[in-house]
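As structure tokens, the structure follows; a few thoughts come after it.
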Amino acid sequence: MSDDIAKPVTPETFAAQAGGGVDVETGAIVAPIHVTTTYERGADLAYPKGYVYARPDNATVRQAEAVITRLEHGAETLLVPSGMAAAVSLFLALDKPAHVIAPTVMYWSLRNWLATEGARYGIEATFIDTTDTDLVARTVRPGETKLIWIETPGNPLWQISDIAAIAAIANWAGGLLAVDSTCATPVLTNPLKLGADIVMHSATKYLNGHSDVMAGSLTFADPTSPLFEATSRLRGQHGTILGPFEAALLMRGLRTLHVRVAHQCRSAMAVAKAMSSDSRVADVLYPGLKTTPGHALAARQMTGGFGGMLSIRVKGGEAAAIAAAARLRVWKRATSLGGVESLVEHRASVEGAGTPCPPDLLRLSVGLETADDLIADLQQALVGNG
Ligand SMILES: Cc1ncc(COP(=O)(O)O)c(C=O)c1O
């Protein structure tokens, strides 16, 4: 590819043009997918193009990484085959023993991994309410806490943690702050600009946005950080790089990220307002509503909208919530989020025993259908409730 478009174009323009380069050989606007596993050496045994082998490196993956790096205002990005792979590889790369702090309410599978597997890898995890910044300050152990992990807005209650304040605490304690920003997306929040060291995405969600790729990303603020070096080295050794076909699909999704997220924010706000005035709904959790705790912080930390994720608590309890979900026709009952189609999930039954998720809660991922259709479908589904 020719060189990327020069700065100072906005990240939005950079993403829409997939970096802005064209294929040097053919002039193709969309980059060819690099499927090769190996690269020719010169007669002098050098690698003239810098590529050696596909386990540590791939040009299609690099293109998508460059776009995410720009979107997040970072220095380096590593793409791996899932969001879980991204998070776990970061924890595995920490120097051990490692004390880490993580939220009580966060993406359930990662919390589970930290709680059940972490100790085998020298990780001691303390789970706390990271929306309480003073509690984070009281829990951090200078010299021992290697990483503070936060997720904001946090699944599935959409509580907000203060990135800038917690970054200062991590820095003071000699640790790092990593933010799972999957649901904020780089359109609404840039954790690295607020002082975080690493931003992680389940790129399976909004970054790809079409429910047809599994991927995860880690973007680092400091390209010389030992944690970046270790995570990158482990990816090369373990072969946990994203595949080129997935990277190409992800690149296609990234080109439309901004328009998708803008639409999803508007629709989610409309759905949240309609549900707030519905007598069959006990509570609506959406950072865009003044009634949701953390709204003021969200208004500072998220620019341009409050995201496409919200939850409703249905009057009548768990059975009523499950019955309402069963009556939906437009919303699909499925796990995951951030795609073009709207999804509903009875989250407590997915998370199982010990979940902090209330049983009457339905998690809503707002897609690209019209808000009117989505609201009408919820209203007809709530018939018989309350
Ligand atoms: C906030 C958040 N983080 C991480 C993950 C894990 O991502 P993946 O499913 O791509 O492994 C998810 C998946 O649902 C998520 O919602």
Task: Options 341, 345: the member that is among the acidic types (Asp, Glu), modelled with pLDDT of 95 or more, within 20 Å of the chain's Cα centre (by Cα) and open to solvent by less than 20 Å² (accessible area, probe 1.4 Å) - done: 345
Task: Positions within region 270-292 being over 18 Å from residue 361 (Cα atoms) and part of a helix (DSSP H, G or I), in sequence order - done: 270
Task: Some residue of region 245-262 being surrounded by 21 or more Cβ atoms within 10 Å (Cβ to Cβ) and over 26 Å from residue 17 (Cα atoms) - done: no
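Outside any helix (DSSP H, G or I), over 27 Å from residue 36 (Cβ atoms) and either in contact (Cβ under 8 Å) with a residue 12 or more places away in the chain or among the polar types (S, T, N, Q) (or both): is that true of residue 102 in this structure?
Values: outside any helix (DSSP H, G or I): yes; over 27 Å from residue 36 (Cβ atoms): yes; either in contact (Cβ under 8 Å) with a residue 12 or more places away in the chain or among the polar types (S, T, N, Q) (or both): yes.
Here the answer is yes, as residue 102 does meet what is asked.
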- [ ] Quickly run through region 308-332 and pick out the residues that are open to solvent by 20 Å² or more (accessible area, probe 1.4 Å) and under 15 Å from residue 156 (Cβ atoms).
- [x] 313, 318
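Identify all residues within region 182-196 that are surrounded by fewer than 24 Cβ atoms within 10 Å (Cβ to Cβ) and away from the ligand (no atom under 16 Å from the Cβ); write none if there are none. Reasoning before the result, please.
To start, the set of residues in region 182-196 that are surrounded by fewer than 24 Cβ atoms within 10 Å (Cβ to Cβ) comprises 188, 190, 193-195.
Within region 182-196, 190, 193, 194, 195 qualify.
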Task: Any hit, region 368-382, residues being modelled with pLDDT of 95 or more and in a strand (DSSP E or B) - done: no
Open item on the list: Checking residue 210 against (1) crowded, with 24+ Cβ neighbours inside 10 Å; (2) within 16 Å of the ligand (Cβ to nearest atom); (3) more than 10 Å from the chain's Cα centre (by Cα), only one condition comes out false. Which one?
Closed with: (1)
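So, in region 76-126, of the ones that are aliphatic (A, V, I, L, M), open to solvent by 40 Å² or more (accessible area, probe 1.4 Å) and within 16 Å of residue 178 (Cβ to Cβ), which residue ends up nearest to the ligand (Cβ to nearest atom)? So that I can check it myself, show each step before the final result.
Initial filter on region 76-126 (aliphatic (A, V, I, L, M)): 78-80, 84-88, 90, 92-94, 98, 100-102, 105-106, 110, 114-115, 119, 123, 125.
Filter once more, so that each one left must be open to solvent by 40 Å² or more (accessible area, probe 1.4 Å): 84, 92, 115, 119.
Restricting the remaining residues to those that are within 16 Å of residue 178 (Cβ to Cβ) gives 84, 92.
Numbers: 84: 4, 92: 15 Å.
Within region 76-126, the match that is nearest to the ligand (Cβ to nearest atom) is 84.
Could you say whether any residue in region 148-155 is polar (S, T, N, Q) and within 12 Å of the ligand (Cβ to nearest atom)?
So in region 148-155, the residues polar (S, T, N, Q) come out as 152, 155.
With the extra rule that they be within 12 Å of the ligand (Cβ to nearest atom), the set shrinks to 152, 155.
Looking for residues that are polar (S, T, N, Q) and within 12 Å of the ligand (Cβ to nearest atom), one finds at least one in region 148-155, hence yes.
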- [ ] Report the residue count in region 329-353 for those that are aliphatic (A, V, I, L, M) and touching a strand residue (DSSP E or B) at 6+ places or on another chain (Cβ under 7 Å).
- [x] 5
TODO: State whether the residues of region 292-300 include one that is open to solvent by 40 Å² or more (accessible area, probe 1.4 Å) and in contact with a helix residue (DSSP H, G or I) (Cβ under 8 Å, 6 or more places away or on another chain).
DONE: no
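The values are calculated or read from the model by the stated rules, or taken from the named source; none is laboratory data. Just so it is clear, the structure is predicted and the values come from calculations on it, not from any experiment. A quick note on method: Cβ atoms are made from the backbone with ideal geometry, for glycine too, and the neighbour counts reach across all protein chains shown. Side chains are part of the model used for accessible areas, which takes the heavy atoms of the whole protein and leaves out ligands, DNA and RNA. Shrake-Rupley method; radii C 1.70, N 1.55, O 1.52, S 1.80 Å.
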